[in-house]
Amino acid sequence: MTVLEQPGAYRPTPPPAWQPRVDAAPLLPDAEPYRLLGTDAAADIDPALLTRLYGELVRGRRYNTQATALTRQGRLAVYPSSTGQEACQVAAGLVLREQDWLFPSYRDTLAAVVRGLDPVHALTLLRGDWHSGYDPRDHRVAPLCTPLATQLPHAVGLAHAARLKGDDVVALALVGDGGTSEGDFHEALNFAAVWRAPVVFLIQNNGFAISVPLAKQTAAPSLAHKAVGYGMPGRLVDGNDAVAVHQVLGEAVRRARAGGGPTLVEAVTYRLEAHTNADDATRYRSDAEVEAWRAHDPITLLEEAMRDRGLLDDQAVQSARDAAERMAADLRTRMHQDPALDPMDLFEDVYAEKTGQLREQADALRAELAAEEGER
Amino acid sequence: MTTTAVKPATMAQALGRALRDAMAADPAVHVLGEDVGTLGGVFRITDGLAKEFGDDRCTDTPLAEAGILGTAVGMAMYGLRPVVEMQFDAFAYPSFEQLVSHVSRMRNRTRGALPMPITVRVPYGGGIGGVEHHSDSSEAYYMATPGLHVVAPATVADAYGLLRAAIASDDPVVFLEPKRLYWSKAEWSPDHPEEVAPIGRAVVRRPATGGRTATLISYGPSVPVCLEAAEAASAEGWDLEVVDLRSLVPFDDETVCASVRRTGRAVVVHESTGFGGPGGEIAARITERCFHHLEAPVLRVAGFDIPYPPPMLERHHLPGVDRVLDAVARLQWESEWTEGRAV
Ligand SMILES: Cc1ncc(C[n+]2csc(CCOP(=O)(O)OP(=O)(O)O)c2C)c(N)n1
Ligand SMILES: [Mg+2]
């Protein structure tokens, strides 16, 4: 028997009982991915929105096939295709206002293009040209980010800064399923929730991080469930249903804009192509699995729903394809022109002003170039 | 707050004053870090800032260094001028990815569109009896990352002037604050802080006038050690020049080489490990530029190539006056053929 157990012993009163500070229930995602296409609710969707989404999906698919073709022609060093994920890309590109910011990863050039970026500028990094082919301030699109999840805290910081200034700005940050395992994912979501920053996080869960399936990535009930731990709502949506993704993201963006804080959206989709042109997907997944997802193609889903409502005929389909073809032809032509890079630019923008060291190194390279020129 | 008299002030006070003045001068300056608000930081450098400028300008963040620096990147993208406090040298490591992959190269990646005017304040170095992970000299990691400025003040006046310059800089600055000099004192008036040269200029703290001369090159916490060694050396017939680098990046080759050309001998002193430490780079630069002026190889007095030792043994690890004098004695005076040359 310890002293405290003796009859009449002094027992300290425990501090006030722990209580959850927020009710977890409203933060929980749906049990099944949210869908609109193929449901009764599809009948009420604005036809203009459907037409817009359809045109962008068709153009987006063509953009993906064209970019992949450019890798085979040696015009792109690498292309991480978003084929199969166009619904997410298009919705992300359309859902923001002019003043908002998009934070893309390497796989999200299509979202940037939908937002208004010139495709050639979006692909500059991937052709082996300068790291960012565009001024991020022009379209409020952050530079394509390759170190996984590291763009997420940037989105939080930018949104937080804008809120402190009293500006009406929302940041939408994109990340993959694999990226959710990174520490920066955790830190970004935690900061966003604590600061109530106007940010929306969109996870495109395409089933794989290169070869590693989701089951080896997480034991969470769903990636959307992770939101609850940070005190923000998690939404689970069918990532191939463009209308559903557009709606869920739209709600999250409105909520952020109104001061309601961040939302985590998990869009369940599938990467129909290999990780990049350099990857061999047959080493880690079966054709049958891919075929099953092809049957759930985002373009087909929308096309069928629109035909059902008489909003799309063969002629409209053809004209969408023609528009996409024109975009592809233009992209092809321009990507087949060799970009002109000036080696002397290597020393620019390392610092606001070159250090003595960089001036010396620039002089050395200039002399090398002059010697090369002389040899010719 | 108006004290006109020049009174002794500590480096910690000068740093705090620099933050305050920078925040008052520019509403874009935001301080963020762990415990920087209510508490004023574990070293009290940010004391009073939250009270004066509000929690939104001096923010206690969640405990996550990558998150702190990562959000600072986004804040800088939006036009703010974040000043990040890392609680201790070794606790800055979780933020390395953001520092290396984004802070240091965002300007370059975006071809000048998105500069990163971020100051990362890092209390660094040993000699304070700190247990494991509280005494690292991590400057070599930062130096090896193009795009960063790396600054370390050694005096009260420099602490103020260089921190103001760091915050005003449009480039990211890793600002290394020598913990063991936090409580060092000097006559210093917060209301008339003396002008400090821009980042990138070294300074001769003690000029040599002639005789048996050599240059001691150091920065941050090792500068007072070198000054003390120079005083002791004068009793033994040496006249040592002491160069305080103040910034490792940009590196002031001009001041360093001018001094070495005058004296003909050089010793680099720092707490950081010798192997792969800043001294190797500095010795190489001197050799490349001043070879014909050198009477002896450039020597280094550095911390041992070991993980930072327990506080009970740290005095054996840290470069002290004796070790500096030993190095000076090894500068091949016996082969002296320029003895007595005028400086
Ligand atoms: C920090 C980091 N580690 C590793 C990589 C290499 N890498 C590039 S993409 C990738 C898989 C990412 O998977 P996911 O987040 O699901 O995005 P997805 O490629 O499927 O769009 C890996 C491991 C990287 N870019 N960054
Ligand atoms: Mg994935």
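In the stretch A:178-245, Rg over Rh equals 0.96, where Rg is the alpha-carbon radius of gyration and Rh the Kirkwood radius from pairwise Cα distances. In the protein assembly as shown, Rg over Rh equals 1.05, where Rg is the alpha-carbon radius of gyration and Rh the Kirkwood radius from pairwise Cα distances. Suppose a student asked you for the relative contact order of chain B, using Cα pairs under 8 Å spaced at least 6 residues apart; what percent would you report? With pairs under 8 Å counted, the relative contact order is 16 percent.
Against the empirical curve 2.2 N^0.38 Å, the C-alpha radius of gyration of the stretch B:86-155 lands at a ratio of 1.22. According to the calculation over all Cα-Cα pairs in chain A, the P(r) per 20 Å bin from zero is 26, 51, 17, 5, 1, 0 %.
By the equivalent-ellipsoid construction on the alpha carbon gyration tensor, the stretch B:104-231 comes out with semi-axes of 27, 18, 16 Å, ordered largest to smallest.
Structure remark: mean-square fluctuation, Gaussian network model of chain B, C-alpha springs under 10 Å; the largest value among B:T61, B:T213, B:T273 belongs to B:T61.
Normalised by the number of residues in chain A, the average gap of Cα pairs under 8 Å and 6 or more apart makes the relative contact order 22 percent. With the simple model of a label 7 Å out from the Cα in the direction of the Cβ, A:H131 to A:T65 spans 3.5 nm.
With each run of n ≥ 4 DSSP H residues scored as -39500 (n - 2.57), what mean residue ellipticity at 222 nm is computed for chain A after dividing by its residue count and rounding to the nearest 500 deg cm²/dmol? Mean residue ellipticity, 222 nm, calculated: -13500 deg cm²/dmol. The B:K51 and A:E98 beta-carbon pair, evaluated with R₀ = 30 Å, returns a calculated FRET efficiency of approximately 0.20. Can you grab the distance from the C-alpha centre of the stretch A:297-376 to the C-alpha centre of the stretch B:57-126, Å, no decimals? Answer, in whole Å: 30. Semi-axes of the equivalent ellipsoid of the stretch B:136-197: what are they in whole Å, largest first, if each equals the square root of 5 times a C-alpha gyration tensor eigenvalue? For the stretch B:136-197, the semi-axes come out at 23, 16, 6 Å.
In the stretch B:8-188, the DSSP beta bridges split such that about 15 percent are antiparallel, to the nearest 5.
Remark: relative contact order (the stretch B:203-342) = 27 percent; criterion is Cα-Cα distance under 8 angstrom and separation of 6 or more residues. Ordered from longest to shortest, the equivalent ellipsoid semi-axes for the stretch A:186-338 are 31, 23, 18 Å, each the square root of 5 times a Cα gyration tensor eigenvalue. Annotation: average projected area of the stretch B:8-188 is 9.3 square nanometres, based on the convex hull of Cα atoms across all directions. Taking 0.36 nm per residue of sequence separation and removing the Cα-Cα distance, the A:I210/A:K354 pair yields an extension gain of 47.9 nm. What would the Debye equation give as log₁₀ I(q)/I(0) for the stretch A:88-167 at q = 0.15, 0.16 Å⁻¹, counting only Cα atoms as equal point scatterers? For the stretch A:88-167, the Cα-only Debye profile gives -0.50, -0.57.
Convex hull volume of the C-alpha atoms in chain B, normalised per residue: 133 Å³. Note on the stretch B:203-342: along the principal axes its Cα atoms extend 45, 33, 25 Å, ordered by decreasing extent. Spin-label pair A:E291-A:A367: with each label point 7 Å from Cα along the Cα-Cβ axis, the two points sit 6.6 nm from one another.
The numbers here are math on the coordinates, done by the rules we state, and not lab data. The structure displayed is predicted, hence computed values, not measured ones. Every residue, glycine as well, gets a Cβ built from its backbone with ideal geometry; the counts of neighbours run over all protein chains shown.
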